[in-house]
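Visitor: Below you'll find the structure I mean.
We did not get these values from a lab; they are worked out from the coordinates using the rules stated. Quick caveat: nothing in here was measured; it's all calculated off a predicted structure. So basically every Cβ, Gly included, is an ideal-geometry build from the backbone, and we count neighbours across all protein chains shown.
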Amino acid sequence: MNTAPGVPGRRKDAGGQAASILHASQLSSGLKPTSRKSLWSKAISKPEFSAFLMLVAVFAAFQLYTGFFLSYANTRLLLTILPELGIVVLGVTILMIAGEFDLSVGSVFALVPMTLHALTARYGVDPYLALVLVLGLALLVGYINGAVTLSLGIPSFITTLGMLFVARSMSIVAVGGNPLALADYPFGDVLVVNFGYIRASLIWYVGLAVVLGVWLHASDFGNWIFATGGQAQAAKDLGINTRRVKITAFMLCSLLAGLAGIIQMLRTKAPLPSMGTGLELEVIAGAVIGGTALTGGVGSIIGAIIGAILIRSIDNGLVMSRVNAEWFRTALGVLIVVSVVLNVKAGQFFSRRR
Amino acid sequence: MSVNVLSTAAAAVAARGTPLIAARGISKWYGAVNALKPTDFHVGRNEIVGLVGDNGAGKSTLIKILAGAHKPTEGHIEVDGKPVVLNSTRDAMRLGIETIYQYNAMIPQMSIARNIFIGREPIRFSLGPLRIMDFDRMSREAMKSVETLDLGLRDADTPVSDLSGGQRQAVVIARAMHFKSKVLILDEPTNHLSVKETNKVLDQTARLKEQNISAVFISHNMHHVHAMSDRIVAMARGHKIAEMAKDEVTVEDLHRILGES
């Protein structure tokens with residue numbers, strides 16, 4: 001408790017002099033230089049920037065080592081597999097900014113296409129109707145994740161860990177013992193048709209990134225997402241329906257994971273209930289490498305894109321370098337720690353310089 | 001004694017006309033705990049009401065009800081003499097009741113401009129459910145509100161985490177001023193602040209009346225409460241135990257009243 005015996009007397013008249021001293025000290029305490037910061041120094045103090053530098057370094061290193069990392073054929077391959085990971089990272093990033101986790105995305109990545117496959121190939125459901133049903137299923141999974149987490153006050157880490165097992169098990173059950181040939185999907189081309197260098201999935205990825213980027217960074221709802229993840233109690237006290245914000249983010253996250261799974265199944269034409277195993281950790285890694293804070297309230301769509309590209313590039317680059325592919329997880333692990341350290345240290349460095 | 005001062009204050013109410021905000025017989029039970037016994041409380045036009053009492057006296061419960069965060073078990077709230085139901089803090093804010101919490105209700109990672117407009121973002125245009133914020137207006141108006149408080153801040157895009165505790169409370173006060181609140185509830189706004197910053201926040205609170213904003217000022221520091229308030233309400237064990245005009249009491253009286261309870 002502050003005890004300021006002088007306060008009662010200085011309320012109005014005597015306050016003038018004290019106040020002017022205060023102003024001087026506050027100005028010199030360093031807020032002035034903040035306003036003089038150039039756009040450049042603002043940009044380099046952002047966590048996405050160190051991720052971007054790492055991306056450039058990784059590209060350069062693999063190109064120098066293999067000689068064909070940035071070739072037409074290899075970048076074409078990269079751009080083919082990027083959207084399936086990248087779309088999931090978009091959802092997980094937004095959810096993490098809202099202050100929650102989703103470990104079930106890898107399983108939802110399988111559950112949604114497997115259910116689509118079972119509905120059409122086994123039960124002969126109309127493909128469009130089946131698509132609507134399974135996207136609804138994805139939203140339902142997200143809703144359950146959010147509702148259980150928020151209503152019962154359980155950490156989302158636990159809720160979605162449970163959902164990881166449930167959804168994986170259900171995707172195996174959905175396909176059953178005897179594998180069936182993939183049905184014909186009239187919307188397959190819209191999602192994955194090959195244009196030569198790129199596939200339709202890349203256009204979907206870019207489109208989703210732009211729409212979600214605008215929504216997250218420029219809309220009022222995006223402002224509420226950052227507020228909810230940054231300080232949930234403050235957001236609530238300011239009249240934000242934090243429950244609605246978080247459940248929306250959970251549902252979006254599951255929906256994007258399911259959509260990405262459908263894209264992968266249609267591209268590979270292989271309905272494997274094991275698809276997406278381990279994906280949950282890769283996408284969280286992508287979000288974190290792109291500057292998303294584990295504690296919520298910080299992150300960006302640009303970072304989510306850079307993080308996804310980094311992960312896919314390292315995976316692909318190690319293979320192209322003819323390094324034993326098992327090193328991928330080592331590289332990923334080192335990258336996660338290094339990027340978080342860089343983000344934290346860069347943040348401290350720039351806030352000290354201000 | 002308490003009966004005595006209560007009647008004096010009642011006469012003062014009559015003189016000021018319809019209160020801006022009034023609680024009529026509100027009480028609150030949390031399960032089996034009666035945190036607030038049926039209580040009347042009001043804030044008049046251009047008035048700063050001090051609210052004092054030990055921890056657990058019912059102050060926080062009372063202001064949470066006024067702020068719309070909790071619903072009273074009994075009784076009701078009136079704004080400008082009309083009964084209202086506050087289902088959320090948003091309802092209260094819409095009616096001009098703004099609350100400044102001791103913990104500083106701001107999002108440290110977000111800019112000053114974004115913080116000021118959380119939940120009330122100006123919209124430039126909408127595409128269906130996608131409502132795009134008007135960033136220019138946010139920066140401009142945030143800067144204008146902050147400038148009125150002489151904070152030496154020149155960039156509304158500065159993250160709140162770069163501000164000192166006193167500057168943060170000042171931005172919250174600026175937020176309340178910007179939205180032309182009628183009543184500002186300040187719940188121990190000087191907690192965790194240095195002496196200099198405390199004085200600054202007190203100055204800003206005293207200046208609220210220039211903007212026609214009334215306030216409820218809550219503090220454990222009787223010197224501050226006495227200096228700031230026109231009228232002081234004391235609470236203990238969920239009851240209002242005294243209500244007095246500032247001129248009727250001294251700081252020592254306040255200490256004695258709370259000590260006796």
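Visitor: Give, rounded to the nearest 20 debye, the magnitude of the charge dipole that the stretch B:121-261 has about its Cα centre when Lys and Arg contribute +1 at Cβ and Asp and Glu contribute -1 at Cβ. Display every interim value, and only then the final one.
Guide: On the way: 19 positive and 21 negative charges, 82 e Å.
Dipole about the Cα centre, nearest 20: 400 debye.
Visitor: Let me know the charge dipole size of the protein assembly as shown about its Cα centre in debye, to the nearest 20, where only the beta-carbon of Lys, Arg (+1) and Asp, Glu (-1) is charged. Working shown, then result.
Guide: On the way: 57 positive and 43 negative charges, 139 e Å.
The calculation lands at about 660 debye.
Visitor: Something else about it: Multiplying the sequence separation of residue A:218 and residue A:187 by 0.36 nm and subtracting their Cα-Cα distance, what value in nm do you get?
Guide: Working: separation 31, 0.36 × 31 = 11.16 nm, distance 3.15 nm.
Taking residue A:218 through residue A:187 to full extension adds about 8.0 nm, to one decimal.
Visitor: Per DSSP helix of 4 or more residues, -39500 (n - 2.57); summed, then divided by the residues of chain B. What does that give at 222 nm, rounded to the nearest 500?
Guide: Details: 9 runs with 91 residues, N = 261.
My calculation for chain B gives -10500 deg cm²/dmol from helical runs alone.
Visitor: Give the calculated FRET efficiency between residue B:46 and residue B:161 to the nearest 0.05, with a Förster radius of 25 Å applied to their Cβ-Cβ distance. Please list the in-between numbers first.
Guide: Working: r = 35 Å, r/R0 = 1.41.
Once rounded, the FRET efficiency stands at 0.10.
Visitor: Within 10 Å of each residue's Cβ, count the other Cβ atoms and sort B:180, A:246 from fewest upward. Present the calculation step by step, with values, prior to reporting the outcome.
Guide: Working: B:180 11, A:246 24.
Placing the least packed residue first, the sequence is B:180, A:246.
Visitor: For the protein assembly as shown, compute Rh as the Kirkwood radius over C-alpha pairs and then the Stokes-Einstein diffusion coefficient at 37 °C and 0.692 mPa s; write the answer in µm²/s, rounded to an integer. All intermediate terms of the calculation are to be shown ahead of the outcome.
Guide: Details: Rh = 27.2 Å.
Result for D is 121 µm²/s.
Visitor: Debye sum, Cα scatterers, chain A, no solvent: what log₁₀ I/I(0) at q = 0.06, 0.10 1/Å?
Guide: -0.28, -0.67
Visitor: Pairs of alpha-carbon atoms within less than 8 angstrom and 6+ residues apart define the contacts here; what relative contact order does chain A have, in percent? Present the calculation step by step, with values, prior to reporting the outcome.
Guide: Values: 507 pairs, mean separation 110.6, N = 354.
31 percent.
Visitor: Hey, another quick one. Considering amide H positions built from the backbone, and no H for Pro or chain starts, which residues 5 or more places from residue A:219, or on another chain, come under 5 Å of its amide H?
Guide: B:133
Visitor: Pull up the cross-link candidates among the aspartates and glutamates for residue A:345, meaning alpha carbon to alpha carbon under 17 Å and not fewer than 8 places away within one chain.
Guide: Reachable aspartates and glutamates: A:48, B:162.
Visitor: Next question. What does the helix-only formula give at 222 nm for chain A: each DSSP H stretch with n ≥ 4 adding -39500 (n - 2.57), the total divided by the residues, and the result rounded to the nearest 500 deg cm²/dmol? Please report the intermediate quantities before stating the final value.
Guide: Details: 16 runs with 254 residues, N = 354.
It comes out at -24000 deg cm²/dmol, rounded to the nearest 500.
Visitor: Could you list which residues have their amide H under 5 Å from that of residue B:48, counting only those 5 or more apart in sequence or on another chain, with H placed in the peptide plane?
Guide: For residue B:48, the qualifying residues are B:215, B:230, B:231.
Visitor: Arrange the following residues from fewest to most other Cβ atoms within 10 Å of their Cβ: B:76, B:224.
Guide: Working: B:76 14, B:224 30.
Neighbour counts put them in this order, fewest first: B:76, B:224.
Visitor: Once the convex hull of the alpha carbons of the stretch B:104-151 is built, what does its volume come to per residue, in cubic angstrom? Can you show the working numbers first?
Guide: Values: hull volume 4.0 nm³, N = 48.
So the per-residue Cα hull volume is 84 Å³.
Visitor: Give me, ordered by chain and number, the residues 5 or more places off residue B:154 or on other chains with an amide H under 5 Å from its own placed amide H.
Guide: Here the answer is none, since no amide H 5 or more places off falls under 5 Å of that of residue B:154.
Visitor: Specify, per residue and in Å³, the volume enclosed by the convex hull of the alpha carbon atoms belonging to chain B.
Guide: Taking the convex hull of the Cα positions in chain B, it is 138 Å³ per residue.
Visitor: Place a +1 charge on the Cβ of each Lys and Arg in chain B and a -1 charge on the Cβ of each Asp and Glu, then give the dipole magnitude about the Cα centre in debye, rounded to the nearest 20.
Guide: 700
Visitor: Using just the C-alpha positions of the stretch A:199-307 as equal point scatterers, what log10 of I(q)/I(0) does the Debye formula give at each q in 0.18, 0.19, 0.24 1/Å?
Guide: The computed values of log10 I(q)/I(0) come out as -1.01, -1.09, -1.47.
Visitor: Could you give the length gained by full extension between residue A:203 and residue A:337, i.e. 0.36 nm per residue of separation minus their alpha carbon distance, to one decimal place?
Guide: 45.1 nm
Visitor: For the stretch B:8-128, list log₁₀ I(q)/I(0) at each q in 0.21, 0.23 Å⁻¹, using the Debye formula over Cα point scatterers of equal strength and ignoring solvent, two decimals each.
Guide: Computed log10 I(q)/I(0) values: -1.27, -1.41.
Visitor: For the pairs A:246/B:196; A:246/B:200; B:37/B:182; B:59/B:196; A:46/B:182, flag any whose C-alpha to C-alpha distance is greater than 28 Å. Don't skip to the end; give the middle numbers.
Guide: Numbers: A:246/B:196 39 Å; A:246/B:200 37 Å; B:37/B:182 26 Å; B:59/B:196 26 Å; A:46/B:182 39 Å.
With Cα atoms farther than 28 Å apart: A:246/B:196; A:246/B:200; A:46/B:182.
Visitor: Let me ask something else. Any idea how far apart residue A:210 and residue B:76 come out in nm if each label point goes 7 Å out from Cα toward Cβ?
Guide: 5.4
Visitor: Taking the radius of gyration and the Kirkwood hydrodynamic radius from Cα positions alone, what is the Rg/Rh ratio for the stretch B:148-258, to two decimal places?
Guide: Values: Rg = 15.3 Å, Rh = 15.2 Å.
Taking Rh as the inverse mean 1/r over Cα pairs, Rg/Rh reads 1.01.
Visitor: Here's a follow-up. Send over the semi-axes of the stretch A:74-213's equivalent ellipsoid, whole angstrom and largest first, taken as the square roots of 5 times the C-alpha gyration tensor eigenvalues.
Guide: Working: eigenvalues 136, 100, 32 Å².
Its equivalent ellipsoid spans semi-axes of 26, 22, 13 Å.
Visitor: So, R0 is 25 Å and r is the distance between the beta-carbons of residue A:180 and residue A:140; what FRET efficiency does that work out to, to 0.05? Kindly include the intermediate steps, with their values, before the conclusion.
Guide: Values: r = 24 Å, r/R0 = 0.97.
Efficiency at R0 = 25 Å is approximately 0.55.
Visitor: Among A:343, A:299, A:210, flag the residue with its Cα farthest along the positive direction of the charge dipole of chain A, charges on Cβ as +1 for Lys/Arg and -1 for Asp/Glu.
Guide: A:343
Visitor: Go through A:54, A:81, A:133 and say which Cα lies farthest out towards the positive end of the charge dipole of the stretch A:41-172; charges sit on Cβ, +1 for Lys and Arg, -1 for Asp and Glu.
Guide: Highest projection toward the positive end goes to A:54.
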